[in-house]
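The values are calculated or read from the model by the stated rules, or taken from the named source; none is laboratory data. Worth saying up front: this structure is predicted, and the values here are computed from it rather than measured. No Cβ is skipped: glycine too gets one built from the backbone with ideal geometry, and neighbour counts run over all protein chains shown. The area values use the complete protein model at the heavy-atom level, side chains included, leaving out ligands, DNA and RNA. Shrake-Rupley method; radii C 1.70, N 1.55, O 1.52, S 1.80 Å.
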Amino acid sequence: QVQLVESGGGLVQAGGSLRLSCAASGRTFGSYAMGWFRQAPGKEREFVAAINWSGGSTYYADSVQGRFTISRGNAKNTVYLQMNSLKPEDTAVYYCAAARTGWNLNRWDLYDYWGQGTQVTVSS
């Protein structure tokens with residue numbers, strides 16, 4: 001059974017940092033691209049960041065560029081999202097996802113597996 005499990009969410013003040021983790025199990029994800037998406041109440045799911053299968057290419061939404069960093073663990077079955085200089089508008093449920101495709105990684109509909117999400121709340 002394929003599982004993606006996120007952790008590391010929580011409540012933080014504006015300007016603070018959080019590190020999200022996503023552990024994948026049930027199959028080998030070394031050949032999959034991994035991404036982070038988020039969804040705030042009343043809003044659509046939006047792309048945050050993605051990393052290709054090797055970890056050699058990363059992609060970011062304009063809203064988080066320069067503040068967030070996505071990376072993969074050595075075993076490739078773990079992905080991280082380091083979030084710095086957090087803003088209240090970053091408040092959302094953050095989802096980890098895995099995709100077989102290496103293209104258009106900002107499109108949520110191209111991802112094959114999803115985690116349950118972890119809440120991130122940034123207070124002003």
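Structural remarks
- Options THR121, THR69: the member that is under 17 Å from GLN39 (Cβ atoms), open to solvent by 20 Å² or more (accessible area, probe 1.4 Å) and assigned to a strand (DSSP E or B): THR121
- Selection count, the stretch 12-22, where residues are aliphatic (A, V, I, L, M) and either surrounded by fewer than 16 Cβ atoms within 10 Å (Cβ to Cβ) or without any contact (Cβ under 8 Å) to a residue 40 or more places away in the chain (or both): 1
- Pair list, Cβ under 6 Å, 6 or more apart: the stretch 53-79 residue under 14 Å from LEU105 (Cα atoms) and touching a residue at least 12 places away in the same chain (Cβ under 8 Å), other residue of a type outside the set (Ser, Thr, Tyr) and open to solvent by 40 Å² or more (accessible area, probe 1.4 Å): none
- Residue selected from the stretch 92-118 under the condition over 18 Å from SER57 (Cβ atoms) and of a type outside the set (Phe, Trp, Tyr), by the criterion most open to solvent (accessible area, probe 1.4 Å): GLN116
- Residue list for the stretch 53-78, filter: of a type in the set (A, V, I, L, M, F, W, C) and modelled with pLDDT of 95 or more: ALA61, VAL64, PHE68, ILE70
- Residue in the stretch 99-116 that is assigned to a loop (DSSP other than H, G, I, E, B), within 16 Å of SER7 (Cα to Cα) and touching a residue at least 24 places away in the same chain (Cβ under 8 Å) present: yes
- The stretch 73-91, residues that are assigned to a strand (DSSP E or B) and surrounded by 22 or more Cβ atoms within 10 Å (Cβ to Cβ): VAL79, LEU81, MET83
- Residue check for VAL5: open to solvent by less than 30 Å² (accessible area, probe 1.4 Å), of a type in the set (Val, Ile, Thr), within 19 Å of GLY117 (Cα to Cα) and in contact (Cβ under 8 Å) with a residue 60 or more places away in the chain: no
- Applying the criterion of being open to solvent by less than 60 Å² (accessible area, probe 1.4 Å) and part of a strand (DSSP E or B) to the residues of the stretch 26-45, the residue that is farthest from VAL79 (Cα to Cα) is ARG38.
- Matching residues, the stretch 1-16, being over 17 Å from ALA92 (Cβ atoms) and either hydroxyl-bearing (Ser, Thr, Tyr) or over 18 Å from the mean Cα position of the chain (by Cα) (or both): GLN1, GLY15
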